[in-house]
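First comes the structure, then the notes that go with it.
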Amino acid sequence: MYTQVKSSGGITLVPLETRLMADRKLFLEGEIGPEIACGLVKQVLLLTEEDREAPIDLLINSCGGEINAGLLIYDVIQSSIAPIRTFCIGRAYSMGAVLFASGNHGRYMLPHGELMIHEPLLGSRIGGSSSSIRSISDSLLESKRKLNQILAKHTGRTEEEIEHAAGFDHYFDPEESLRFGLCDQIVDFGLLAGAKE
């Protein structure tokens, strides 16, 4: 999708994502994987180089994805010099919810947004020796502990409360997200369009 940009040289067609990135709006859409994570890292690096103080808006509409790819994005959000605001613009499930909750300069949900947290899932069928299966199990439990700690840090809840809430697919509407500490404010589209708090 393209949009028209007027300049002294006339009208030019530019990709919509490029135009929105110029306004410091980045999108995390679909399944989170290594390619999406690395692409987002590059975008944050470029925007930070352009302006270290202006906020970056990360708009999330994702059903989740790979834990390692999500943790890369999490590290970037937490250590970014430029402040990063997160917006749930539809759904932010699983790793998408973790990343949404980790916004370091405001976490905003549209009125019909939805979050969902749960325990880490196996990405494929288990196979191999008993030692391999034990290693997979240990890794999964370590991922669960890590994600519980992250959510506890950003919600003000205890790890035990997070573990209880994430023991099943737990869906949160915006009001529930506010009460649980996953979200800071429910906003309308005007905040997003104007990029002002």
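The values are calculated or read from the model by the stated rules, or taken from the named source; none is laboratory data. On a predicted model such as this, the values are computed, not experimentally measured, just so you know. Using ideal geometry, Cβ is built from the backbone for each residue, glycine included, and neighbour counts are taken over all protein chains shown.
Points worth noting:
- Each residue in segment 42-68 was checked for being more than 28 Å from Pro111 (Cα to Cα) and either among the β-branched types (Val, Ile, Thr) or touching a Pro at 6+ places or on another chain (Cβ under 7 Å) (or both), and 1 pass.
- Top-ranked residue in segment 153-184 [being touching a strand residue (DSSP E or B) at 6+ places or on another chain (Cβ under 7 Å) and more than 16 Å from Gly103 (Cα to Cα); ranked as surrounded by the most Cβ atoms within 10 Å (Cβ to Cβ)]: Phe172
- In segment 90-105, the residue that is modelled with the highest pLDDT out of those that are surrounded by 22 or more Cβ atoms within 10 Å (Cβ to Cβ) and more than 14 Å from Leu147 (Cα to Cα) is Ala92.
- Conditions (1) under 15 Å from Phe87 (Cα atoms); (2) modelled with pLDDT of 95 or more: number failed by Glu49: (1)
- Some residue of segment 111-123 being of a type in the set (Asp, Glu), assigned to a helix (DSSP H, G or I), modelled with pLDDT under 95 and closer than 21 Å to Gly33 by Cα: no
Each row is one residue, and each column tells you yes or no for (1) within 19 Å of the chain's Cα centre (by Cα); (2) of a type in the set (A, V, I, L, M, F, W, C); (3) more than 20 Å from Tyr74 (Cβ to Cβ).
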{"position": "Lys144", "(1), (2), (3)": "yes, no, no"}
{"position": "Gln149", "(1), (2), (3)": "yes, no, no"}
{"position": "Lys153", "(1), (2), (3)": "yes, no, no"}
{"position": "Gly156", "(1), (2), (3)": "yes, no, no"}
{"position": "Glu160", "(1), (2), (3)": "no, no, yes"}
{"position": "Phe168", "(1), (2), (3)": "no, yes, yes"}
{"position": "Pro174", "(1), (2), (3)": "yes, no, yes"}
{"position": "Leu182", "(1), (2), (3)": "yes, yes, no"}
{"position": "Val187", "(1), (2), (3)": "yes, yes, yes"}
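- Members of segment 63-101 that are part of a strand (DSSP E or B) and either touching a helix residue (DSSP H, G or I) at 6+ places or on another chain (Cβ under 6 Å) or within 19 Å of Leu20 (Cβ to Cβ) (or both): Gly64, Gly65, Ile84, Arg85, Thr86, Phe87, Cys88, Ile89, Gly90, Ala92
- Test for Ile60: is it assigned to a strand (DSSP E or B), under 26 Å from Glu142 (Cβ atoms), of a type in the set (Val, Ile, Thr) and modelled with pLDDT of 95 or more: yes
- Here Glu53 clears all of (1) outside any strand (DSSP E or B); (2) touching a Ser or Thr at 6+ places or on another chain (Cβ under 7 Å) except the condition numbered (2).
- First in segment 11-37 and in contact (Cβ under 8 Å) with a residue 60 or more places away in the chain, second anywhere and among the acidic types (Asp, Glu), Cβ under 8 Å, 6 or more apart: Arg24/Asp51; Arg24/Asp57; Lys25/Asp57; Ile32/Glu66
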